[in-house]
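Just so it is clear, none of the values below were taken in a lab; they were calculated from the coordinates. From a predicted model like this one, the values you see are computed outputs, not experimental measurements. Methodologically, a virtual Cβ is constructed for each residue, glycine included, from the backbone with ideal geometry; neighbour enumeration extends over all protein chains shown.
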Amino acid sequence: MKKVLLIAAVAGLAMASCKKDYVCECTMSSTEPGYVGGTVKYTVKEVSKKTAKDVCVKTTQEDVQGSNTYIETTDCKLK
């Protein structure tokens with residue numbers, strides 16, 4: 001019985017340690033003339049590493065201003 005409780009306790013600790021806080025660092029850029037890029041960090045709290053990776057991704061979008069179209073990119077990396 002002690003072995004079963006010990007195994008259950010170890011398994012519980014292992015599962016509890018899977019979820020933690022992760023920091024995502026994103027660098028923003030754009031093809032728009034005069035655009036000043038930047039870097040932002042945010043914390044993804046109490047998630048698995050896989051979930052943090054799914055949240056911390058690179059995105060690209062078009063920004064249409066009149067007859068001009070600019071590409072805005074946010075490149076995020078898990079730290």
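Could you give the length gained on full extension between Lys49 and Lys19, defined as 0.36 nm per residue of separation minus the Cα-Cα distance, in nm?
Details: separation 30, 0.36 × 30 = 10.80 nm, distance 0.74 nm.
Here the answer is 10.1 nm.
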Q. Can you work out the FRET efficiency for the pair Met28 and Thr69, with r the C-beta to C-beta distance and R0 = 22 Å, to the nearest 0.05?
A. 0.80
Q.
Can I get the semi-axes of the range 18-59's equivalent ellipsoid? Compute them from the C-alpha gyration tensor as square roots of 5 times the eigenvalues, in angstrom, largest first.
A. 27, 10, 4
